[in-house]
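The values are calculated or read from the model by the stated rules, or taken from the named source; none is laboratory data. Remember, predicted model here, so these are calculated numbers, not experimental data. Quick reminder, even Gly has a Cβ in these numbers, built from the backbone with ideal geometry, and neighbours come from all protein chains shown.
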Amino acid sequence: MPDHTRTTKLNLSAGLASVLVALALVVLKLWALGATGSLSVAASLADSAMDMMVSLGGLMAIIYAARPPDDDHHFGHTSVEDLAALGQAIFILISAGAISFAAVVRLMRPDQDALTDQGRGIMVMAASVVLTFALVLWQQRVARATGNRVVRADSLHYMGDLLPNLGAIASLWASSRFGMESIDSVVALAAAALLVLGALRIGKSAWDALMDRRADPAVITGIAALAGSWPGVRGFHDLKTRTAGSRIFVNLHLELDGDQSLRDAHAIGAALRRAIIQAYPAADVIIHKDIAQAAAVDHGT
C-alpha cells in the first residue's frame with residue numbers, strides 16, 4: 001500500500017474529479033432538457049444531480065473520515081459516510097418517484113408533446129457517456145492503488161449510470177428518426193427503476209453499517225483462519241466485527257500459553273494484528289490475550 005499522504009491525495013483526486021464531472025453533466029443536461037423537453041434526458045439529469053450529491057458526500061466523507069480519532073470519537077469518524085449515504089438514498093427514491101409519475105402521465109396522454117432538437121440532445125448525452133467512462137477509469141485506478149471502498153463504490157455507481165445515458169440517446173434517436181415519442185417515457189421509467197434499485201442498495205448498506213452489522217462473512221472467515229493458524233496461538237474466541245463507513249472494526253480474544261512472558265505474549269498478538277491489517281487494510285483490530293484453558297490447569301497443579 002502507498003504511504004498515507006499519497007493515499008489520501010489519490011482518494012481526494014478521485015472524489016474531486018467525481019464532483020467536477022457530475023457538475024459538468026448537470027449543466028450539459030439542463031441545456032439539453034431545455035432544448036428537447038425529453039423525459040429520458042430529465043431522468044438522466046436527475047441521475048446526474050444525484051451523482052453530484054453522492055460525489056459531494058463522498059468527497060466530504062473522504063476528508064472527514066481521514067481525521068484521526070479524538071476525545072469525542074474514539075473509533076474515528078467513518079460513520080459519516082453511512083449517514084450521508086442514507087440521506088442520499090432517500091432523496092434518490094423521491095426523485096425516482098417524481099420521474100415515474102411524469103412518465104406515466106405523458107404515456108396516458110393521447111396527444112404527447114413532440115420532442116424537439118433531438119440532435120443537440122444526442123450530442124450532449126454522447127458527451128456524458130465519454131465523461132462518465134473517463135471518470136470510471138480513473139476511479140478504478142485509484143481504488144486499485146488505495147483500496148478505498150468509497151471510491152470503489154462511487155465507481156460502480158457511475159458505471160451503472162452509463163445505461164440511462166445510452167437509453168436517452170436511443171430514445172432521442174427513435175423520436176427523431178421514427179417519431180416514436182412514447183419511447184422517451186418508457187426509457188424514463190426504466191431509468192427511474194434503476195434509480196430505485198440503486199437507492200435501495202445504498203440505503204440498505206448504510207443502514208446495516210449504522211446498526212453495527214458484522215463484516216462480510218468472507219472477511220470474518222479470513223481473520224479466523226489467520227488467528228487459528230498463527231504460531232503460539234492455542235485458540236481464539238469472541239471474534240466480533242462491525243463496519244462503519246469504509247472501516248472494519250475487529251475484536252478478538254487469543255488463548256495463549258500462560259507460562260510465557262508478557263513480552264512474548266505481546267509479540268504474538270502484535271504480529272497477528274499486523275498480519276490481519278495487511279490482509280484487510282480497512283481493519284481496525286483490537287486483540288485481547290487470555291490464558292489457554294490447558295495452560296491454566298497445568299499452572300494450577
Practice problem: Select from region 197-225 the residues that are modelled with pLDDT of 80 or more and among the β-branched types (Val, Ile, Thr) and write down the one among them that is surrounded by the fewest Cβ atoms within 10 Å (Cβ to Cβ). | Solution: Thr221
Exercise. Would you point out the residue of region 226-255, among those that are surrounded by 15 or more Cβ atoms within 10 Å (Cβ to Cβ) and of a type in the set (Ser, Thr, Tyr), that is farthest from Asp212 (Cα to Cα)?
Key: Ser246
Quiz item: Only one of (1) over 30 Å from Ala145 (Cα atoms); (2) acidic (Asp, Glu); (3) surrounded by 15 or more Cβ atoms within 10 Å (Cβ to Cβ) is not met by Asp284, so which one is it?
Solution: (1)
Quiz item: What are the residue pairs meeting all of these: first residue in region 205-231, first residue among the β-branched types (Val, Ile, Thr), second residue surrounded by 13 or more Cβ atoms within 10 Å (Cβ to Cβ) and in a loop (DSSP other than H, G, I, E, B), Cβ atoms under 8 Å, and 6 or more apart or on different chains?
Solution: Val219/Tyr280; Ile220/Arg214; Ile223/Tyr280
Quiz item: Taking the stated definitions as given, is Arg106 surrounded by fewer than 16 Cβ atoms within 10 Å (Cβ to Cβ), assigned to a helix (DSSP H, G or I) and modelled with pLDDT under 75?
Solution: no
Practice problem: Can you confirm whether region 179-186 contains a residue that is modelled with pLDDT of 70 or more and surrounded by fewer than 18 Cβ atoms within 10 Å (Cβ to Cβ)? | Solution: yes
Practice problem: Go through (1) crowded, with 16+ Cβ neighbours inside 10 Å; (2) under 20 Å from the mean Cα position of the chain (by Cα) one by one and return the number of the condition Gly269 breaks. | Solution: (2)
Exercise. Could you grab the pairs with beta carbons closer than 8 Å, sequence gap of 6+ or different chains, first residue in region 236-265 and not assigned by TED's automatic domain parsing to the domain that holds Ala292, second one at pLDDT 90 or above and surrounded by fewer than 14 Cβ atoms within 10 Å (Cβ to Cβ)?
Key: none
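Which one is nearest to Leu189 (Cα to Cα) among residues in region 38-56 that are at pLDDT 70 or above and polar (S, T, N, Q)?
Going through the qualifying residues, I end up with Ser48.
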